[in-house]
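The next block holds one structure in the form of C-alpha cells; read it before the comments.
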Amino acid sequence: MQSNRNGSSQQSVVRLSVLGMRCAGCVKTVQDALREVEGVESAVVNFADHSATVCGGIDVEVLRAALRTAGYDAAVVEGLENPSDEENLELERYRQLLKKAVVAGLAGLPLMLGGHLDILPVASEGEASDFWILVAGVTLAVMVYSGGHFYRGAIKALRQGQANMDSLIAMGTGAAWVYSTVVTGFASDLPVLAKHAYFEAAVIILAFINLGAALETRARGRTRGAIRELMGLQPNTARVVRNGKEMDIPIEKVGLEEVLRVRPGERIAVDGIVVQGQSAVDESMLTGEPMPVEKREGDEVVTGTVNQAGTLLYKVTRIGRDTLLAKIVESVRQAQENKPQIARLVDRVAAVFVPVVIGIACLTFLVWMSFGPEPALAYAFVTAMTVLLIACPCALGLATPISVMVAVGRAARSGVLIRNGEALQTAEKITCVVFDKTGTVTEGRPSVSAVEAAAGWSQEQVLQAAASLEVGSEHPLARAVLNASGSKNIEPTAVSGFEAHTGRGVSGVMEQQTMFLGNLELIESNDIEVGAFSGLVESYAEKGETPVLLATRTKVVGLLSIADRVKEDSFQAVAALGPAGIRVLMVTGDNEKTARAIADRVGIDDVRSRVLPEDKASVIRALQKEGEVVAMVGDGINDAPALAQADVGFAIGTGTDVAIESADVVLMQGSLFKVSETIDLSRKTLRNIRQNLIGAFVYNVLSIPIAAGVLYPVFGILLNPMIAGAAMAMSSVTVVTNANRLRWL
C-alpha cells in the first residue's frame, strides 16, 4: 500500500530516492535519520541505487524533513506509473557532475601545467602577489561551484556530530586552499621549500572526484536495466470494447471485468482471461522461454507479453499494482534492496571508517610535524591531505549492493525472480537439492491413461464416481479425472459428507454409500480389501504411472491409472547438478514404485516416497541436521512448508500462489535448468562481490600508508594529492564496472 500523494499518514511502504548520499558512510546516517521518525517500523537504505524503503505509519513530508535535518533530501518513487523518473533524475545528476568536473578541470589545468613548466610567478616575489590573490579568488569561486555540495554536506554532518565522504573532501581541498592562501599572503615568513601553493590541487581534486562520481552514476544507472525493461513492457494504452464499440484508452482508465482486444503484434495491456479467439503469445520477456505459448478461450494472458498472429478478446482480471508484471517488478526491487549478511557487515565497517581515516590523517600530520624533514609543515600538510582524499570508503560500500543489483536484474531477464539478497548469497553454498515430483520433475498435467473396473462395475461408472468425488478439487490428479470424464460427457453426481485425506485421497457418500478414492495407503488404512487390483497397482506403478483406487467400505471396485509426463529437460537439469557436487533427492507423496520409475528416468538415486505434505519439511530438517545446505524445488500448496523450511526455496512459477509466496526464488517457467543456473549465478555473484571487496579493501589498506608517506624514508616517494583524489574516484568506477560484467553471464 502506497502513501497518499498529499503525504497523509497511514500504514504504508514508501520508496524514496535519496539525494545527497555520496559514500557508504552515508548509509548509516540516512537509516538512523529515518528510523528515528515516529511511526517508522523499518528503513532499509541501498547505497547502490541511492534509495530507501520505509515501512510503517508514516508521513512522507516528515521523512523528508528528517532527511533534510541530516543533510539529505528525497523524492518519492511512485513505481510503475512513471518508469523514467529515476532515470531522468540520474541523468540530470550525471550532467551536473560532469559540468562541475569540467569547470574545475578548466580552472586547475592551466595552473598545473604552469607549475610543471615553471612559468608561474614565485609566490615570494612581491609583484606576483596580485596574480596569486586573483588565483585564490578564482579557485575559491570554482570550489564553491564544483565542490559546494561537498562543503554543505560536511557542515551538516558536523552539526550532527558525524563524518562522511564530504568531510574528507572538504577537509582535504579546504586545507589546500587555506594553506595556499597563507603561502600567498605570508610567503616572506615561510621557509623556501614550504612556499609552494596548492590551488591547482584543490580544484583538480574536485574535477577528478566529480568526474568519478559522474562515471559511477552513469554505470550505476545501467544496473537498473532489468527494472526499466520490465516496466517498459506495459503499453500506455489499451483497446477496450464498450457497448459494442472499440476504442483506445489510457491504461490507467482500464477497469476490472472489462473486455479488451489485442491485435497481432501488440502487447497484452493488463492481466486477463481469454474469452474469444486463439493465438500464440510470446512470453519470453517474463519467463525466459523462447517458444510462443498457444492461448485459447479460458487461458490466462499477462501484462507485457506479445500477441503474435491471431486476435484475442480477453476479460480483465488484474490491473495496476496487482498485475503479474507489477509484482515481478516489486520482487526484483525488493531483492535488490534486501541486503545479504555480507553487505550489512560492510555497511557497519564503512560507517566507522571515515572517523578512523580522519584520526589517521591527524596522526600523520603530527608525525610529520614532529619527525619529518624541513619544511615539516608543508610535508605534514600534504601527507594529511592525501590521506583524507584517498581513503574514502565508497568502493567498499558499493562492492556488495551493486553486484546484487546486477545479478538480480540479470536473473529476472532470464525468467528467475530472486526475492531477497540473502537467498542469492545462500544459494552459493547449496549442497543438496530436493525436488518434488508432480509439476516439478513432471509436467504437472497428468491425464488418465487407463480405467479398470471390478465385476459389476463399468468403466463409465468408475469414472463417474471418481469425477463426483473430485469435483471442486484443484489437485493435478483431480483435474486429470475431471478432464477424462468431461471428454466422455460423463456428468458427476452429488456427493455428501466429503472429506479430504491429506496426501492420500478423498472420501464421500454417493447414493447412500461411502466411497473412497485415493492411493493404496488410504485403502489399507481403512481395512478395505484390495483383491485382484493389487497386481494392477504394482504393474502401473512400475511404468511410472500413478494408480488411484476407487473403493466402497468393503472392497476396491475400480482403478484409474494416471500418467504425468516427465519434463523433457528434467534429466539434463538433474545431470547439470552433479558436476557442481550437489546431492539430489526426490520427495513425493506417490507410491514407491511410481516414484522410483520417475526418478530412474531423470537420474535421481535418492527417493523418498509416500511422504505426507507435513512430513516434507521434516525431510528438509533432517538433511539440515546432517550439515546439508538444502534447496527445495516445488510447485504445490503441499510444498509450501518445505519451501519455507529450506535454506533456499525454489517455486515453479506455474504453481500455486502459496508456493510462490513461500519461496525465495521463483522460476517463471517450468524448466529445472533454472535451478542449476541460479546456483551458478549465485556462485559467480559472490565471486564478483569478493573481487570487489578484496579490491576495495586492498586499495584502502595499501593506499592509506602510501598516502601517509611510509615509502618516503626509503624511496623518497610521496603521493601527489591530485593522484590520490583521482584514485579514490576511479576505485568506485572500477567496482561498478566489475559488477556490470554479471550482466553478460
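Starting from residues that are among the basic types (Lys, Arg) and part of a strand (DSSP E or B), keep the ones in the stretch 545-591 and report whichever is farthest from residue 524 (Cα to Cα). Walk me through it before giving the result.
Just the residues of the stretch 545-591 that are among the basic types (Lys, Arg), to begin with: 553, 555, 565, 567, 583.
Those still in the list that are part of a strand (DSSP E or B) too: 555, 583.
Values: 555: 10, 583: 34 Å.
It comes out as 583.
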Selection count where residues are β-branched (Val, Ile, Thr) and out of contact with any helix residue (DSSP H, G or I) (no Cβ under 9 Å at 6 or more places or on another chain), scope the stretch 494-522: 2
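Restricted to the stretch 246-272, and to residues that are aliphatic (A, V, I, L, M), in contact (Cβ under 8 Å) with a residue 24 or more places away in the chain and open to solvent by less than 60 Å² (accessible area, probe 1.4 Å), which residue is farthest from residue 232 (Cα to Cα)?
Only one residue tops the list, namely 259.
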Are there any pairs with C-beta distances below 7 angstrom linking a residue in the stretch 1-29 that is closer than 25 Å to residue 358 by Cα and assigned to a loop (DSSP other than H, G, I, E, B) to a residue that is at pLDDT 75 or above and among the charged types (D, E, K, R), with the two at least 6 apart or on different chains, and if so which? 20/73; 22/166
Within the stretch 48-59, restricting attention to residues that are over 28 Å from residue 213 (Cα atoms) and open to solvent by less than 10 Å² (accessible area, probe 1.4 Å), which residue is modelled with the highest pLDDT? 56
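State whether the residues of the stretch 153-168 include one that is under 16 Å from residue 103 (Cβ atoms) and part of a helix (DSSP H, G or I).
Within the stretch 153-168 (the criterion being under 16 Å from residue 103 (Cβ atoms) and part of a helix (DSSP H, G or I)), the answer is no, since none of the residues qualifies.
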Among the strands (runs of 3 or more DSSP E) lying completely within the stretch 463-531, list those that include at least 3 residues that are surrounded by 18 or more Cβ atoms within 10 Å (Cβ to Cβ). 505-510, 513-518
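Answer yes if at least one residue in the stretch 575-593 is farther than 30 Å from residue 516 by Cα, β-branched (Val, Ile, Thr) and open to solvent by 20 Å² or more (accessible area, probe 1.4 Å), and no otherwise. Can you show your working first?
Going residue by residue through the stretch 575-593, those that are farther than 30 Å from residue 516 by Cα are 575-585.
Of the ones still in play, those that are also β-branched (Val, Ile, Thr) are 582, 584.
Next, only the ones that are open to solvent by 20 Å² or more (accessible area, probe 1.4 Å) stay: 584.
Checked against the condition, which is being farther than 30 Å from residue 516 by Cα, β-branched (Val, Ile, Thr) and open to solvent by 20 Å² or more (accessible area, probe 1.4 Å), the stretch 575-593 yields at least one hit.
At pLDDT 85 or above and open to solvent by less than 10 Å² (accessible area, probe 1.4 Å): which single residue out of 561, 539 fits that description? Spell out the reasoning first.
Numbers: 539 fails: open to solvent by less than 10 Å² (accessible area, probe 1.4 Å).
Just a single option satisfies the conditions, and that option is 561.
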Exactly one of (1) modelled with pLDDT under 85; (2) among the charged types (D, E, K, R); (3) surrounded by 22 or more Cβ atoms within 10 Å (Cβ to Cβ) is unmet by residue 674. Its number? (1)
Testing residue 701 on (1) open to solvent by 70 Å² or more (accessible area, probe 1.4 Å); (2) under 24 Å from residue 204 (Cβ atoms), one condition comes back false. Which one is that? (2)
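Rundown of residues vs (1) of a type outside the set (A, V, I, L, M, F, W, C); (2) under 30 Å from the mean Cα position of the chain (by Cα), yes/no style:
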residue: 570; (1), (2): yes, yes
residue: 580; (1), (2): no, yes
residue: 605; (1), (2): yes, no
residue: 612; (1), (2): no, no
residue: 620; (1), (2): no, yes
residue: 627; (1), (2): yes, yes
If residue 290 satisfies every condition in (1) open to solvent by 50 Å² or more (accessible area, probe 1.4 Å); (2) under 20 Å from residue 667 (Cα atoms); (3) modelled with pLDDT of 85 or more but one, which is the exception? (3)
I'm checking my understanding of the structure. Among residues of the stretch 398-418 that are touching a strand residue (DSSP E or B) at 6+ places or on another chain (Cβ under 6 Å) and open to solvent by 10 Å² or more (accessible area, probe 1.4 Å), which one is farthest from residue 672 (Cα to Cα)? 401
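The values are calculated or read from the model by the stated rules, or taken from the named source; none is laboratory data. All values derive from a computational prediction rather than experimental measurement. With ideal geometry, Cβ positions are generated from the backbone for all residues, glycine too; neighbour counts draw on all protein chains shown. Keep in mind that these areas ignore ligands, DNA and RNA; they rest on the heavy atoms of the full protein, side chains included. Shrake-Rupley method; radii C 1.70, N 1.55, O 1.52, S 1.80 Å.
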